[in-house]
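The values are calculated or read from the model by the stated rules, or taken from the named source; none is laboratory data. Note that the coordinates shown come from a computational prediction; the quantities given were computed from them, not determined experimentally. Note that each Cβ is placed from the backbone with ideal geometry, even for glycine, and that neighbours are counted across all protein chains shown. The accessibility values were calculated without ligands, DNA or RNA, using every heavy atom of the protein model including side chains. Shrake-Rupley method; radii C 1.70, N 1.55, O 1.52, S 1.80 Å.
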Amino acid sequence: MKKILFISLLAFGSLFAQVQEDIEVPYISYEIKMGKGFDTVQANCLMCHSFGYIINQGPQSREFWLKKTEKMITHFKSPMMEEDIDTVVEYLFEHYGNGKEK
Amino acid sequence: MAGGIQWDSGAMGCAKWKGVRLSDLLNKAGLKKDAHWIGFNGKDKAAYYETPNFVRELELEELDDHVIVAYEMNGEDLPYLNGFPLRLVIPGYYSDSWVKMLSNITVTNKYKSLFFMDVAYRVPDNATESETPENKAKKTKPITNMNVKSIIGYPENGMKLYHNAHLVIRGVAFDDGHGIRQVMISTDEGKTWNEALLKQEDGRYAFTEFRFTYKPTKYGKLNIMAKAINRLGNEQPLSKDILWNHGGYKYNGIDVVEVEVV
């Protein structure tokens, strides 16, 4: 019996591994530029990721931002509505664009 | 500029990992004869329920006895953000494969189609692993082994240093586990290179520390360059000679720090 108990302790011990102390997940707030279309960006992008993922891409072309937005829909399954795509891309290019179409 | 997070010299680290050999786990579980692929999934779920999980799939033959499922980092439980309680550690591989909060290991004989394997984190599958923005490589492969690289930690960009004063240039170098043979330092735009002193105490996968003493004898701007060479003889290219890929992956250009001698 003791043996069985010992084995089951070994087997289940790891399943109940717990964090002993409080976990504090660092929060970093990213300053994002305000402008036309911001509400749409906030609603669609912030539901999954911080603005850091936008700001840290570096200035990019309109095509880049369109492709990124499409990637969010195709691969990450963003439930963004079709009519919001233009607004989001326009905002991203306006504020985080490099002035180039392609 | 490649798209994606602009990491600069960020997102690198060196820690002491302790864990269970993956091969021991697999032996205990017992693999079937036709086992070929091994998939790793973690507990880090996306915010939206339809977003696919980050699953890393590798061929069994890629994995050697150095691959572990780690439960300790630097002698303690893994910190939460480093993948508590269990994390896959593949020495020599870039860490996009080091699945955190490991929850499932699945062995199959058939390859499953996965976004993070088939689309993301891939490099061109050609001799130079390069492409151009206009003509992207059609054939790609997952990112695996780390390129030889070094980073200057001190001095930092933009620092003012005293003329004729004693300076110790310091930094770290690493590769995919072949080991660092030399780190060379140049203070004349790469015309001449001098060997730095190395400190290698933690095995061939760990950071090699380097130091080089130097006395700046000219006033004004000074560029300090560091170039690592591994035991295969692979060395870092100048950043201007780095060939492009769409993710900026595996970048290993020679590090340059610009300081001012006053």
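Quick rundown of the values:
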read-out	value
Subset of the stretch B:45-57 (residues that are of a type outside the set (A, V, I, L, M, F, W, C) and out of contact with any Ser or Thr (no Cβ under 9 Å at 6 or more places or on another chain))	B:TYR49, B:PRO52, B:ASN53
Among (1) closer than 16 Å to A:LEU46 by Cβ; (2) surrounded by 15 or more Cβ atoms within 10 Å (Cβ to Cβ), the one test that A:MET81 misses	(2)
Evaluation of B:SER9 against (1) more than 12 Å from chain A (Cβ to nearest Cβ); (2) open to solvent by less than 70 Å² (accessible area, probe 1.4 Å); (3) at pLDDT 95 or above (one fails), failing number	(3)
Residue among A:PHE51, A:PHE64, A:PHE76, A:PHE38 that alone is under 22 Å from B:ALA11 (Cα atoms), open to solvent by less than 70 Å² (accessible area, probe 1.4 Å) and among the aromatic types (Phe, Trp, Tyr)	A:PHE51
Wholly enclosed strands (runs of 3 or more DSSP E) of the stretch B:160-241 bearing at least 2 residues among the small types (Gly, Ala, Ser) and closer than 21 Å to B:SER9 by Cβ	B:167-174, B:220-230
Residue within the stretch B:126-138 that is within 22 Å of the chain's Cα centre (by Cα) and under 26 Å from B:PHE207 (Cα atoms) present	yes
Selection status of B:LYS100, assigned to a loop (DSSP other than H, G, I, E, B) and within 14 Å of another protein chain (Cβ to nearest Cβ)	yes
Hits in the stretch B:34-68 - residues which are within 14 Å of another protein chain (Cβ to nearest Cβ), open to solvent by 30 Å² or more (accessible area, probe 1.4 Å) and not aromatic (Phe, Trp, Tyr)	B:LYS43, B:ASP44, B:LYS45, B:ALA46, B:ALA47, B:GLU50, B:PRO52, B:ASN53
Among (1) outside any loop (DSSP other than H, G, I, E, B); (2) crowded, with 17+ Cβ neighbours inside 10 Å; (3) more than 20 Å from the chain's Cα centre (by Cα) - the single one B:PHE84 does not satisfy	(1)
Residue within the stretch A:44-67 that is within 11 Å of another protein chain (Cβ to nearest Cβ) and on the phi > 0 side of the Ramachandran plot present	yes
